[in-house]
Amino acid sequence: MTATLADPVSEVVAAAQRLLTRRTGAPVTLVDPVDLGGSGQATVLRVRVSENPFQLPRTLVIKQVRDSAGSDAAIDEGGHAAFLREAASYQFATALATDSRPGPDLLAYDLGARLLILSDLGDASPITALLKHSDAASVTNSLMAMAQALGRMHAATVGREADFAALLRRVGQPNSADGISAQIPDALTAVPRMLKSDLGIESVPASLIERVERSGRLFAHGAFRAFSPSDLCPDNIIVNEAGVRFLDYEWGGFRDATLDITYALASFPGCLCHFDLSSDRAQAMIDAWRSEVVGIWPHLADDTVLASKILDAQLIWVWLTTFWFLPNDHTRIAAARAHHLSVPRSDALISRWKVLVEQATRTGDADVAAFALRVVGALETKWDR
């Protein structure tokens, strides 16, 4: 990371100074901006507080979502909706008890300027680097810490969905669906066509379609609803001295919590990446997560119940990752963020369907296992594996 001096950066810093000056009632000066690599229309900077009249932290993180020159109106509207959802999500998360907050604190915001000012989590390691380069014991510890952090967040937010909905209404986003939930209907109908046209699988059993549809309801309903940042791809997960923290809440909202722990078990299906989990490591993650939530959801103490729930969640994630990455959609593939765990899409899709085979086999669901194995074979044939 290097200090940046470009005019857009200066404009973002100036906007943050004006916001903090209004909030504190005294001039605030921010210096030494460092680009933290925002994606899309977002500019994300770390700045140092030069003048600190009201004991602001020494460093802050600024995030601003800006209009793109010549951008499509629908795309810009989508970016604005995502910003408003993120603002509501950070307000909600910051209201939690300190040890339950999943990420940085929201210190100030300006909805009109699409500007957030967040606490700086300091020196941190991306979990991708830890999983790729650490020794075996450290990798296991990192995975268990991530699962526990998810569980703490879930346990702290159960029953507070009405509070989150009120915050969404306050920022002007009532009844809005998060970015993943809105794609479920299209994925349900498109994937069977993709499997036929791309892989030669003529039909998907009606019973499997029904189960995928039921699994898709975990986003909108589900028995174990809790708050999630939702975009839990590994480059949004960091580890610092305080533990595991989650970043980027543009898709934040309430959904069945098993979707979060299963997202990691399924090798982060929203990204083109892969991490090979042994059955022992996967079980260690499940147990670490369950230890945090079983007090509020005692049904999850039953291994059979939990295994079935994880299979349901894994099924919809594999369905979605196929919807996203099986077609030759070069724009979508190019947009997938690169990191230490990145792999070709062929590797990602094959490994995710294989994980589904393994989970279905462990759960005793022979129909799901047989169909998933069939897809694995077709994918391997398509890519000459």
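The values are calculated or read from the model by the stated rules, or taken from the named source; none is laboratory data. Bear in mind that the values here come from a model prediction, so they are computed numbers and not experimental data. Glycine also receives a Cβ, built like all others from the backbone with ideal geometry; neighbour counts cover every protein chain displayed. These accessible areas exclude ligands, DNA and RNA; they are computed on the full protein's heavy atoms, side chains included. Shrake-Rupley method; radii C 1.70, N 1.55, O 1.52, S 1.80 Å.
Ignoring any ligand, DNA or RNA, what whole percent of the accessible area of region 100-236 comes from carbon and sulfur when the probe is 1.4 angstrom? Don't skip to the answer; put the middle values down first.
Working: 2880 of 5840 Å².
That fraction is 49 percent.
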Here the longest stretch of the chain that holds no chymotrypsin sites (Phe, Trp or Tyr not before Pro) in a DSSP loop having at most 16 other beta carbon atoms within 10 Å is 55-382
Magnitude of the Cβ-charge dipole (Lys and Arg +1, Asp and Glu -1) of region 94-171 about the Cα centre, nearest 20 debye, reported as 280 debye
Placing +1 on each Lys and Arg Cβ and -1 on each Asp and Glu Cβ in the chain, then taking the dipole about the Cα centre, the residue among LEU379, SER134, ALA147 whose Cα reaches farthest towards the positive end is ALA147
Between the residues ALA366, ALA348, LEU45, the Cα farthest towards the positive end of the dipole of the chain, that dipole coming from +1 and -1 charges on the beta-carbon of Lys, Arg, Asp and Glu, is from LEU45
Given unit charges at Cβ for Lys, Arg (+) and Asp, Glu (-), the dipole magnitude of region 304-356 about its Cα centre in debye, nearest 20, is 60 debye
Computed over the chain: longest principal axis from alpha-carbon atoms vs helix 206-216 long axis, angle to nearest 10 degrees, is 20 degrees
For the chain, the dipole about the Cα centre with charges only on Cβ (Lys and Arg +1, Asp and Glu -1), to the nearest 20 debye, works out at 340 debye
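For region 333-385, which whole percent of the accessible surface, found with a 1.4 angstrom probe, sits on carbon and sulfur atoms? Let's see the in-between values first.
Details: 1400 of 2580 Å².
So the carbon and sulfur contribution to the accessible surface is 54 percent.
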Between the Cα axis of helix 303-325 and the main Cα principal axis of the chain, the angle (0 to 90°, nearest 10) is 80 degrees
Computed over the chain: longest principal axis from alpha-carbon atoms vs helix 345-363 long axis, angle to nearest 10 degrees, is 60 degrees
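For the chain, what is the mean residue ellipticity at 222 nm derived from helices alone (per DSSP H run of n ≥ 4: -39500 (n - 2.57); sum divided by total residues; nearest 500 deg cm²/dmol)? Can you show the working numbers first?
Values: 13 runs with 195 residues, N = 385.
Only helices count here, giving -16500 deg cm²/dmol.
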Taking the alpha-carbon centre of each part, the distance from region 182-223 to region 132-150 in Å is 32 Å
Given a 1.4 Å probe, the accessible area of the chain per residue, as a whole number of Å², is 44 Å²
